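Notes follow once the structure below has been shown.
The values are calculated or read from the model by the stated rules, or taken from the named source; none is laboratory data. Keep in mind the model is a prediction, meaning the values are calculated, not measured. Using ideal geometry, Cβ is built from the backbone for each residue, glycine included, and neighbour counts are taken over all protein chains shown. Note: areas computed on protein heavy atoms with side chains; ligands, DNA, RNA excluded. Shrake-Rupley method; radii C 1.70, N 1.55, O 1.52, S 1.80 Å.
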Amino acid sequence: MVTNLHDSQSFATVRLEGHGLLLRPWDPESDADVAACLRGVTDPEFLRWNTPPVPVTDTAGARDFLRARAARAREGSAASFLIADAESGGGTALGHIGVNDVHRLLGVARVGYWVLPEARGRRVATRALGLAADWAFREVGLHRLELAHVAGHEASCRVAEHRGFRHEGLLRGALFEAGRRDAFRDAHLHARLATDPEPGAP
């Protein structure tokens, strides 16, 4: 059911808590949030698997990036969350998860995430994906969530499958090559429907 999808729905103040995590909106006016974002999107492991359409290389770029994300949240076309330990009250960033490209008529969106180096190995992405997906289905009313990652990114593949995102196929030439915007590489498409069986606890 997608009856919750209204044109005026804003995601700007949404906070989610569970599985030992707190997901809260990024604050583009917070120097700590901007610094965490910059570290995340310039990390070599992130750049191995992701090539953003617009590169972010400095503090000003990271702040502009977060301001653009906040604007999308206000208009209800995307929700971008800083992932933090619940015990920290949202003060210590572990990574990012976003519910992006919300298509209100079809009830479809795309999910993406990354985790800071010091937080890897703690199933942060798996737990955050569970929280975000449950919210998107139950509170927003979405019908389908899609998740695409570069073919060969086994860690991301495991995260998707653990949270019930089935592997649906290969997207040929769907994502940029690492560090390039004139060459492409294949991606794996995963998806989960609101009607799919609930996966086990992360």
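Assess whether A36 counts as being open to solvent by 40 Å² or more (accessible area, probe 1.4 Å), modelled with pLDDT of 95 or more, of a type in the set (A, V, I, L, M) and in a helix (DSSP H, G or I). Don't jump to the end; show me each part of the working.
On the way: open to solvent by 40 Å² or more (accessible area, probe 1.4 Å): no; modelled with pLDDT of 95 or more: yes; of a type in the set (A, V, I, L, M): yes; in a helix (DSSP H, G or I): yes.
So A36 does not fit the description; no.
Which residue pairs have Cβ atoms under 8 Å apart, sit 6 or more places apart or on different chains, and have a first residue in segment 21-40 that is over 17 Å from S88 (Cβ atoms) and a second that is polar (S, T, N, Q)?
If the second residue must be polar (S, T, N, Q), the pairs left are V34/T59; L38/T59.
I'd like the full set of residues that are in contact with a strand residue (DSSP E or B) (Cβ under 7 Å, 6 or more places away or on another chain) and closer than 17 Å to H19 by Cβ, limited to segment 124-144.
V124, A125, R127, A128, L129, L131, A132, A133, W135, A136
Just name the residue that is most open to solvent (accessible area, probe 1.4 Å) out of those in segment 41-56 that are part of a helix (DSSP H, G or I) and touching a residue at least 40 places away in the same chain (Cβ under 8 Å).
Going residue by residue through segment 41-56, those that are part of a helix (DSSP H, G or I) are 41-42, 44-49.
Next, from what is left, pick out any that are touching a residue at least 40 places away in the same chain (Cβ under 8 Å): 41, 45-49.
Details: V41: 13, E45: 71, F46: 22, L47: 72, R48: 125, W49: 37 Å².
Out of the qualifying residues, it is R48.
Can you tell me which residue among A151, A183, A191 is closer than 26 Å to W26 by Cβ and modelled with pLDDT of 95 or more?
Details: A151 fails: closer than 26 Å to W26 by Cβ; A183 fails: closer than 26 Å to W26 by Cβ.
Result: A191 is the single residue among A151, A183, A191 that is closer than 26 Å to W26 by Cβ and modelled with pLDDT of 95 or more.
Say we look at segment 71-87 and pick out the residues that are under 13 Å from G18 (Cα atoms) and among the small types (G, A, S); which of these is modelled with the lowest pLDDT? Even if it seems obvious, please write down each step before you answer.
Step one: filter segment 71-87 for residues under 13 Å from G18 (Cα atoms), giving 83-87.
After this cut, where a residue has to be among the small types (G, A, S) as well, the list is 84, 86.
Numbers: A84: 97, A86: 92.
Filtering first and then ranking leaves A86.
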